[in-house]
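In what follows, a single structure is set out as structure tokens and then discussed.
The values are calculated or read from the model by the stated rules, or taken from the named source; none is laboratory data. These numbers were taken from a predicted model, which means no experiment stands behind them. FYI the Cβ positions are ideal-geometry reconstructions off the backbone, even for glycines, and counts take in every protein chain you see.
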Amino acid sequence: MHKNFLYGVFVKKIIYTSCFLLFAEFVVGQEKRLPQYDAYINQYSDIAVAKMKEFGIPASITLAQGILESGAGQSRLAVEANNHFGIKCTSDWAGDSIFHDDDKLQECFRKYTRAEDSYRDHSLFLTTRQRYASLFSLDRTDYESWAKGLKAAGYATDPNYPNRLVKIIEDYELYKYDTAADGKSKNTYLVEEKTENIPPRKADNVEEEDFFENNRVSKSGGKTVYRSNKVIGQVDAYSTHEVKEINGVKYITALENDTYEGIAEEFGLKVREIYSINDAPNPSTPETGEMVYIRPKKATSNTTSFHVVAPDETMRDIAQKYGIKLYSLYKKNNMQEGVSPLIGQRLILK
């Protein structure tokens, strides 16, 4: 009887201990995710993904930096100035400012109307400074190398900065946003590629490579024709455009009777997006032979450093020629938007 009693006590202790450990593990798991972090991610993840598609910076990195730099949107700079990345004023900054103690007392920081403007400025900050150029040779899903690269390029002085970014990314699974897709991202356009004597095509990532492999439907005249996800199942529906690339951006050449609306429908874009991507007035019609981009243009040229303006060239002509955003071209050259360039003027592209 005594033995049975002791055995019962022993079993109960094991059960109670096991339950306690399970509860403790649950609590630790819950503490790992801070509600203010989750709220921040829910609020700003769409903006981070949009900027990733526009500028090529992993959304996981942008979100982790935003959380770290702004205290998940609760810092004074974030609340009073919509500045989520601690970007300071520079000599060319013409916007509003706020003064805040940082490395020195009362330093000047940029003040934005919207948080989204802060995200855009963060992207421009990384894409227009030479010291960060090496980051853009990294795979978009390699967030660890991006985190280390930011520290190596001098973004932060904290020696533990890369580890802090990586921990946030992994704890909150922010890496999932690096493969986010929407109507204007990869896998939504039709492609015709020559298959003779050319090296294998380098896709943006594995998913795009799989898409092209899975949607090859016929070979004709030395070309391989693919279906877009707009026409899967319709083997006779092929693109009438050949997709080319400049400055890492996909574009097609407008054919006779082409419209922006028709091109948008063909490549899975919204009408307002095709106009915005091409810096074109809405409504308007592309001229025959004009370059029409089906992916967002870049903020800078990856090959050419400058351009000398020819007679009758407009800033938009030049922006289209090199796959650069019109807004960025004006900004690089300290020109007011809408101003026409001078013949022979040397414009900075890179």
State yes or no: is Arg131 modelled with pLDDT of 85 or more and loosely packed, with under 14 Cβ neighbours inside 10 Å? yes
Please go through segment 240-263 and give me each residue that is surrounded by fewer than 18 Cβ atoms within 10 Å (Cβ to Cβ) and among the β-branched types (Val, Ile, Thr), ordered by number. Thr240, Thr253, Thr259
Considering only segment 322-331, I want to know if a residue exists there that is in contact (Cβ under 8 Å) with a residue 40 or more places away in the chain and either in contact with a Cys (Cβ under 9 Å, 6 or more places away or on another chain) or on the phi > 0 side of the Ramachandran plot (or both). yes
For Cys108: the one exception among (1) assigned to a strand (DSSP E or B); (2) out of contact with any strand residue (DSSP E or B) (no Cβ under 6 Å at 6 or more places or on another chain): (2)
With respect to Arg114, determine if the residue is within 21 Å of Ala299 (Cβ to Cβ), without any contact (Cβ under 8 Å) to a residue 24 or more places away in the chain and surrounded by fewer than 16 Cβ atoms within 10 Å (Cβ to Cβ). no
Picking from Ala299, Ala310, which residue would you name as being among the small types (Gly, Ala, Ser) and touching a helix residue (DSSP H, G or I) at 6+ places or on another chain (Cβ under 7 Å)? Ala299
Which one of Glu273, Glu242 is more than 29 Å from Ala94 (Cα to Cα) and either touching a residue at least 24 places away in the same chain (Cβ under 8 Å) or assigned to a strand (DSSP E or B) (or both)? Glu242
I'm trying to understand the selection: among the residues of segment 302-320, which are within 22 Å of the chain's Cα centre (by Cα) and modelled with pLDDT of 90 or more? Ala319, Gln320
Among the residues of segment 140-160, which ones are aromatic (Phe, Trp, Tyr) and over 15 Å from His122 (Cβ atoms)? Tyr143
With the checklist (1) surrounded by 15 or more Cβ atoms within 10 Å (Cβ to Cβ); (2) in contact with a Phe, Trp or Tyr (Cβ under 9 Å, 6 or more places away or on another chain); (3) without any contact (Cβ under 8 Å) to a residue 24 or more places away in the chain in hand, flag the one item Gln106 doesn't pass. (1)
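From Glu337, Glu313, grab the single residue that is crowded, with 16+ Cβ neighbours inside 10 Å and on the phi < 0 side of the Ramachandran plot. Can you show your working first?
Values: Glu337 fails: crowded, with 16+ Cβ neighbours inside 10 Å.
On inspection, the qualifying residue turns out to be Glu313.
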